[in-house]
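Okay, so here's the structure we're looking at.
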Amino acid sequence: MLEPIINRRIEYKKRVRDKRYSEFREIYEARKKALKWILVTCFGYTRYRNARFGRIECHEVINAYGRELLLETAKIAEELGYEVLHGIIDSLWLKSSSNNSNNHEKLCKKIFEQSGISVELGGIYKWILFLPRRSDHTGALNRYYGLFENGEMKIRDLELRRSDMPQLIRDAQMDMLKVMARANDIAELLALIPEVIRGF
């Protein structure tokens, strides 16, 4: 039932990266996101007791299968010399001693060969920070921000993304991130921290 939606989303992802479709990039990006939320909703409905096709056992099996795939993928990555930094649901953050794109392609190919699941490189970061949980300061699964090689930032669960947060706080965080975005690696980022604090 979901296969056509998944296949269409994969196609939109390809087109977003393909320069031949650059004038439609915004449209394909929006469609890709819409299909993601359809898939997320379908997943959520598997545990909803009043859904016609909902069964908690189905939901649990999907999660168990996903965890197993994530562990297998992490093991393959480590065998190829990558260090696993973080993993959540369907994403894995890896550190490589070399930035050789052939190595990344080899990893994706090996994961597909062993699991049957096609994976894609979401991006290469210059640096990334995983934040602690507010309650107990252990690592949070979905709170992070980082700078891609192309200069774009990936921001998850910071106050500036929340609509109920005062604009002053959101602006302050954005100003800090703009300073941090000048760093090309962790060493440069650490050197910029005094400037980030002074600007605040």
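The values are calculated or read from the model by the stated rules, or taken from the named source; none is laboratory data. Values in this document were obtained by computation on a predicted structure and should not be read as measured data. Backbone-built Cβ (ideal geometry, glycine too); neighbour counts: all protein chains shown.
Condition check for SER118 on (1) within 17 Å of the chain's Cα centre (by Cα); (2) among the hydroxyl-bearing types (Ser, Thr, Tyr); (3) modelled with pLDDT of 90 or more: one failure, at (3). Residues that are touching a residue at least 24 places away in the same chain (Cβ under 8 Å), under 18 Å from LEU85 (Cα atoms), under 19 Å from the mean Cα position of the chain (by Cα) and crowded, with 16+ Cβ neighbours inside 10 Å are absent from the range 151-166. When each of ARG47, ARG31 is tested for being modelled with pLDDT of 95 or more and either surrounded by 14 or more Cβ atoms within 10 Å (Cβ to Cβ) or within 26 Å of ALA140 (Cβ to Cβ) (or both), the lone residue that passes is ARG31. Identify all residues within the range 167-176 that are touching a residue at least 24 places away in the same chain (Cβ under 8 Å) and surrounded by 16 or more Cβ atoms within 10 Å (Cβ to Cβ); write none if there are none. The one that is touching a residue at least 24 places away in the same chain (Cβ under 8 Å) and surrounded by 16 or more Cβ atoms within 10 Å (Cβ to Cβ): MET176. Would you check if THR73 is in a helix (DSSP H, G or I), among the β-branched types (Val, Ile, Thr) and exposed (fewer than 12 other Cβ atoms within 10 Å of the Cβ)? Answer is no for this residue.
Go through the range 99-143 and report how many residues are part of a loop (DSSP other than H, G, I, E, B), surrounded by 11 or more Cβ atoms within 10 Å (Cβ to Cβ) and not charged (D, E, K, R). Number satisfying all stated conditions: 6.
Do the conditions hold for LYS109, that is, is it modelled with pLDDT of 90 or more and under 21 Å from LYS13 (Cα atoms)?
It is true that LYS109 is modelled with pLDDT of 90 or more and under 21 Å from LYS13 (Cα atoms).
Residue-by-condition table, conditions (1) closer than 17 Å to ILE88 by Cα; (2) modelled with pLDDT under 90; (3) in the same structural domain as LEU94 (by TED's automatic domain parsing):
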| site | (1), (2), (3) |
| --- | --- |
| LEU131 | yes, yes, no |
| ARG134 | no, yes, no |
| ASN142 | yes, yes, no |
| PHE148 | no, no, no |
| GLY151 | no, no, no |
| LEU158 | no, yes, no |
| VAL179 | no, no, no |
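Out of the range 154-200, which residues are farther than 19 Å from TYR125 by Cβ and of a type in the set (Val, Ile, Thr)? Scanning the range 154-200 gives ILE169, ILE197. Pairing residues of the range 104-126 that are under 11 Å from ILE76 (Cα atoms) with residues that are among the small types (Gly, Ala, Ser) and modelled with pLDDT under 90, at Cβ distances under 7 Å and at least 6 apart in sequence or on separate chains, gives PHE112/SER118.
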